[in-house]
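So the structure is just underneath, and the comments pick up after that.
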Amino acid sequence: MTNYIFSTPYVEEGPTGQHRLFYFYKLRQGLTVIQNNGVFKTGRWFSQDQLESYDNYWIGGHAHVVDEATKAALIAGGIGVTEANFTVE
C-alpha cells in the first residue's frame, strides 16, 4: 500500500509589513484539517483540547504521512483538497 505526504491547504495573506514594498508579498498560512464523525472541516485556530476531541486532525503548515484510504477521504471531503496536496512518500 502506498503512503503519501499530505500538505494541508493554505491561504495567502498580505501585506506582510508596513513599508510599501511589503504590499507585493503574501505569506502562506496553513489551514488545519479536522475530521469528526466522517465530516471534514478546515480552520485556523484550535486549542489542544479541541484537537484531541476530533477523530483525526492534520495541523496546517506541516507535512503528514497518510495512506491511500485517508487520501481518498480527504479529497472526497469537499474542503478543497486535491491531488496537488499529495506527493508519493
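None of the figures in this text is laboratory data; all of them are computed from the coordinates on show. Since this is a predicted model, take the numbers as computed values, not measurements. All Cβ positions, glycine included, derive from the backbone under ideal geometry; neighbour counts span all protein chains shown.
I need the full set of residues from the range 57-75 which are over 12 Å from Thr8 (Cα atoms) and surrounded by fewer than 11 Cβ atoms within 10 Å (Cβ to Cβ), in order please. If you could, list the steps in order and put the result at the bottom.
Let us first name the residues in the range 57-75 that are over 12 Å from Thr8 (Cα atoms), namely 67-70, 72-73.
Passing the criteria: only Ala69.
Say we look at the range 76-89 and pick out the residues that are out of contact with any Pro (no Cβ under 8 Å at 6 or more places or on another chain) and surrounded by fewer than 16 Cβ atoms within 10 Å (Cβ to Cβ); which of these is farthest from Ile5 (Cα to Cα)? Break it down stepwise before answering.
Start the filter on the range 76-89 by keeping residues that are out of contact with any Pro (no Cβ under 8 Å at 6 or more places or on another chain), which leaves 76-78, 82-84, 86-89.
Checking the rest, the ones that are also surrounded by fewer than 16 Cβ atoms within 10 Å (Cβ to Cβ) come to 76, 78, 82-84, 87-89.
Details: Ala76: 17, Gly78: 19, Thr82: 13, Glu83: 11, Ala84: 11, Thr87: 5, Val88: 6, Glu89: 6 Å.
Within the range 76-89, the match that is farthest from Ile5 (Cα to Cα) is Gly78.
Scan the range 1-21 residue by residue and report those that are farther than 24 Å from Ile75 by Cα and either part of a helix (DSSP H, G or I) or among the β-branched types (Val, Ile, Thr) (or both). Within the range 1-21, Thr16, Arg20, Leu21 qualify. Of all residues being touching a residue at least 60 places away in the same chain (Cβ under 8 Å) and over 20 Å from Gly60 (Cα atoms) in the range 1-21, which is surrounded by the most Cβ atoms within 10 Å (Cβ to Cβ)? Just the residue, please. Applying the filter and picking the extreme gives Thr2.
Across the range 22-35, what is the total count of residues that are over 12 Å from Trp58 (Cα atoms) and either in contact (Cβ under 8 Å) with a residue 40 or more places away in the chain or outside any loop (DSSP other than H, G, I, E, B) (or both)? Reasoning before the result, please.
First, pick out the residues of the range 22-35 that are over 12 Å from Trp58 (Cα atoms): 22-29.
If we keep only those that are either in contact (Cβ under 8 Å) with a residue 40 or more places away in the chain or outside any loop (DSSP other than H, G, I, E, B) (or both) too, we end up with 22-24, 27-29.
Adding up the residues that qualify gives 6.
Yes/no matrix, rows are residues, columns are (1) of a type in the set (Asp, Glu); (2) under 24 Å from Glu83 (Cβ atoms); (3) over 18 Å from the mean Cα position of the chain (by Cα):
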site: Glu12; (1), (2), (3): yes, yes, no
site: Phe24; (1), (2), (3): no, no, yes
site: Leu27; (1), (2), (3): no, no, no
site: Val39; (1), (2), (3): no, yes, no
site: Phe46; (1), (2), (3): no, no, no
site: Ala69; (1), (2), (3): no, yes, no
